[in-house]
Amino acid sequence: MSFGVTQQMAFENTAKRAAILLFLILAPSWALADAIDGDWCFPGDARQFRIAGASITTPAGTNTTGDYSRHAFSYVVPVGDPGAGDEIDMQLLNEEEVQVVVGGGPPEVWRRCHLNV
């Protein structure tokens with residue numbers, strides 16, 4: 001009887017180790033999948049921007065900073081860009097879409113894309 005209990009305990013320990021290992025392998029990709037960081041394109045035209053932490057490359061190509069959280073980003077359009085002085089507020093909707101509001105206007109939905117910036 002003790003052999004069966006020992007065998008069961010060994011199986012449970014192996015299963016726990018496998019679950020932990022699987023979590024450690026997959027956790028980094030889960031963490032990145034739901035962050036606002038990345039490249040974004042507007043489907044109706046050629047506008048695009050890139051967020052990397054508190055840094056953003058604006059649709060006009062200017063590098064600046066803003067207020068960053070994992071699922072949201074806001075910044076003031078820098079001097080020299082169209083709409084300079086406007087506040088831009090962004091909220092991640094899902095892994096592939098972000099809602100962008102310019103100066104309190106109507107929201108636009110931008111899509112994740114891959115840029116060569």
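Laboratory data are not the source of any read-out in this text; all were calculated from the coordinates shown. These figures come from a predicted structure and were not determined experimentally. Quick reminder, even Gly has a Cβ in these numbers, built from the backbone with ideal geometry, and neighbours come from all protein chains shown.
Using alpha-carbon pairs under 8 Å, 6+ residues apart, how would you state the relative contact order of the range 35-113 in percent?
Details: 166 pairs, mean separation 19.4, N = 79.
Once divided by the residue count of the range 35-113, the mean separation gives 25 percent.
Residues in the range 57-91 near a label at Leu115, defined as backbone nitrogen under 13 Å from the 7 Å Cα→Cβ point?
In the range 57-91, the label zone of Leu115 (backbone N under 13 Å from the point 7 Å along Cα→Cβ) covers 57-65.
Rounded if a/c is under 1.5, else prolate if a/b beats b/c, else oblate: with a ≥ b ≥ c from the C-alpha gyration tensor eigenvalues square-rooted, which is the range 35-113?
Details: a/c = 1.36, a/b = 1.21, b/c = 1.12.
It is rounded, given that a/c, with a ≥ b ≥ c, falls under 1.5.
Which of the three applies to the range 40-79, rounded, prolate or oblate, going by the alpha-carbon gyration tensor with a ≥ b ≥ c and a/c under 1.5 meaning rounded?
Values: a/c = 2.18, a/b = 1.34, b/c = 1.62.
Taking the square roots of the gyration eigenvalues as a ≥ b ≥ c, the range 40-79 is oblate.
Using the Karplus curve 6.51 cos²θ - 1.76 cosθ + 1.60 with θ = phi - 60°, work out ³J(HN,Hα) for each residue of the range 97-105 in order, rounded to whole Hz, and write x for Gly and Pro.
Result, rounded to whole Hz: 9, 10, 8, 10, 10, 9, x, x, x.
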